[in-house]
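Q: Got a structure here, written out as structure tokens. Questions coming.
The values are calculated or read from the model by the stated rules, or taken from the named source; none is laboratory data. Computed from a predicted model, the values in this text were never measured in an experiment. Reconstructed Cβ throughout: ideal geometry from the backbone, glycine too, with neighbour counts over all protein chains shown. We work out accessible area using only protein heavy atoms, side chains counted, and drop any ligands, DNA or RNA first. Shrake-Rupley method; radii C 1.70, N 1.55, O 1.52, S 1.80 Å.
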Amino acid sequence: MKHFLDIDGWFDDAGVSTYRHFINQVPIGGTIVECGAKFGRSSAFLCDEADYSHSVYIVDLWTNDKKKEDFYQKFEENMQGRRYTPLKGDATEVSTQFKDNSIDLVIIDMVHHYKSVKNDIRVWLPKVKVGGALIGDDYINGWPGVIRAVDELLPSRVIFENRYWTYTKKFPNKKQLI
């Protein structure tokens, strides 16, 4: 099995620390969804760290429309030997396959533009169980759209490792922003 560090990508020590922290909080039999995978570096780590009882879903288009590239075959090669369900498609459409309040952890790492991040938060947050978490990366000055969308929709978010935004879903009797 290919080690996650041997797979192309940007996932680093900050990601390892953040993912590990939240994966360890997913209960036995829990559900994890990662949105955005490309070649599978973070996905491989996620699958390696997840409990055998966890259901892991990985969502991506696995294409680059500008260059007409398809990354899915490379992703599959990199993920060999791991347990997960790939869901190829637009994350907004794929989100409709999950019931509200059914997922323990959703990881968002797709298009980093303001409207895209805002949409991703809006469609995935209802899918997260109370007590579950929604997390994403690149809450840094280089991605002002990420910062703006997260700050607008999730003002009570917590920042991990100086760049991962995290939000734990509260009980329904608490005021929800979305």
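Q: For the modelled label position 7 Å from the Cα of residue 113 along Cα-to-Cβ, which residues of the stretch 142-165 have backbone nitrogen atoms closer than 17 Å?
A: The answer is 143-150.
Q: Separation of the stretch 108-161 and the stretch 13-65 by C-alpha centroid, Å?
A: So the two Cα centres are separated by 16 Å.
Q: Sketch the reach of a paramagnetic label on residue 14 as a point 7 Å from Cα along Cα-to-Cβ, and name the residues of the stretch 77-110 whose backbone nitrogen lies under 18 Å away.
A: Flagged as within label range: 107-110.
Q: Taking the Cα centre of the stretch 47-178 as origin, sum charge times position over the Cβ atoms of Lys and Arg (+1) and Asp and Glu (-1), and report the length of that vector in debye to the nearest 20.
A: That gives a dipole near 600 debye.
Q: I've got another one for you. Quick check: from the Cα gyration tensor, does the stretch 49-110 come out rounded (a/c under 1.5), prolate or oblate?
A: Verdict is oblate for the stretch 49-110.
Q: Also, I was wondering about something else. Accessible area per residue, 1.4 Å probe, Å², for the chain: what's the number?
A: 53
Q: Summing -39500 (n - 2.57) over the DSSP H runs of n ≥ 4 in the chain and dividing by its residue number, what mean residue ellipticity at 222 nm do you reach, to the nearest 500 deg cm²/dmol?
A: -8500 deg cm²/dmol
Q: Another question, if that's okay. Give the share of C-alpha pairs in each 10 angstrom bin for the stretch 14-94, from 0 to the last occupied bin, in whole percents, shortest bins first.
A: 18, 50, 28, 5, 0
Q: What fraction of the DSSP beta bridges in the chain is antiparallel, stated in percent and rounded to the nearest 5?
A: Restricted to the chain, the bridges split so that about 35 percent are antiparallel.
Q: Within the accessible area of the chain, what % is carbon and sulfur when the probe is 1.4 Å and the other protein chains stay in place?
A: 49
Q: Are any of the pairs 2/129; 2/118; 74/99; 2/88 more than 24 Å apart by Cα-Cα distance, and if so, which?
A: From 2/129; 2/118; 74/99; 2/88, over 24 Å: 2/129; 2/118; 74/99.
Q: Using 0.36 nm times the number of residues separating residue 130 and residue 159, minus their current alpha carbon distance, what extension gain do you get?
A: 8.5 nm
Q: So I have [x] 15.3, 47; [y] 24.9, 75; [z] 16.6, 51, and one of them is Rg and Dmax of the Cα atoms in Å calculated from this model. Which one is it?
A: Here Rg and Dmax of the Cα atoms in Å agrees with entry [x].
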